[in-house]
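A short write-up of the structure that comes next.
A short reminder: the numbers here are calculations on the coordinates, not readings from a lab. All values derive from a computational prediction rather than experimental measurement. Using ideal geometry, Cβ is built from the backbone for each residue, glycine included, and neighbour counts are taken over all protein chains shown.
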Amino acid sequence: MTGPADNRLQARNDLAWAISVGGIGVVLFAALLAFTWHFAATLFLIFSGILLGVALNAMSNLLGRVVRLPHALRLTMVCLVVAGMLSGIVFLGGTTIAQQTTALSNTLKSQLVNVKGFLERNGIDTSFFDFGTLSSAPDDAAPAAAAPTPHALPSAGTIAASGGAIFSQSLKLILGTASAVGNFFIVLFLGIAFATQPSVYRDGLLFMAPARHRTRAVAIVDRIGETLERWLIAQIITMVAVFLVTWIGLSIIGIQSSFILGIQAGLLAFIPTVGAILGGLIVVLASLASGWVAALSAFILFLGVHALESYVLTPLIQRQALDIPPATLFAFQILLGVVFGIWGLALALPLMAIAKVMIDHFKAEGAAGAITTF
């Protein structure tokens, strides 16, 4: 028989073990959070590659419903079609895109300067909006700045400082361009690699799960893959529709840079709610240069596109993909956008879709267990 002393010793040992395991769990969780925070950009980059792989695999599966071909051949056909479309857009509209991008940038800058002046004339402080770089120099200061001394040569320090500033700006531009191009090819490589052999990466992910939980892991991973595939296909259709309607509508209104505005509206449609607001704001600002009638027409077009996206395309195309309340999604977008920047804002919806699939699975499993117990 075990006495009270043995019971107390066993209780102390159990408590010490529980405290130790709990402490280790807290430390590991904190380390995971620190790792995620420090390498958030890299993790989001890898997740973007996974999303691209899922999208390519989804399009390959759709093609498989039409033609009976091996997966590798169908994926090659999808990649060639996508590459051909992008190359055609760049080849046929490259000059137009470059010209309209420059015109749009100048138009937006001038309109922001006009908005700044309007707000200041009405007694509104614009320092909060950081419009300092848009301020133009006063007219009376221009002659003084444009009349240098003809015989004064710059000093060696001035030349060195100017050369250093030019070198610094050039280096920043080169590094920024190299980083953007590198990130693009990383996402492209990861997407093609994941789409080429999806079963290999799926089996490898499931192999890391404990054997007693592998059945549950299989159900969760397959459900996440199906949800992301349906959502990505629906999102691609929505983005193409928004691009076409915006481009054609702005062309009919007579807005300059309609093609590039349509492209940015289609790309921003990938970001729910926030993307539509940003796209509409850019369209209205760019339309102000053509007059108030054009701006009002562009605003009405934006409302029509938003209504088409929110009340027609999303309910019809995405009703079986995701079912997330708009307020919950918007709050999650704002949270990730503030914490992680543009990466968190752009990838908030697929991340929340993954979390929702896991929550729904565990809720259904818990409900089934409760019914069985009852």
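For the stretch 291-299, backbone phi angles converted through the Karplus equation (6.51, -1.76, 1.60; θ = phi - 60°) give residue-by-residue couplings of x, 5, 5, 5, 5, 5, 5, 5, 5 Hz, Gly and Pro being listed as x. Each label was represented as a point 7 Å from its Cα along the Cα-to-Cβ direction; for VAL21 and SER179 these points are 4.4 nm apart. Given R0 = 35 Å, the distance between the Cβ atoms of ILE300 and ALA40 translates into a calculated FRET efficiency of 0.35.
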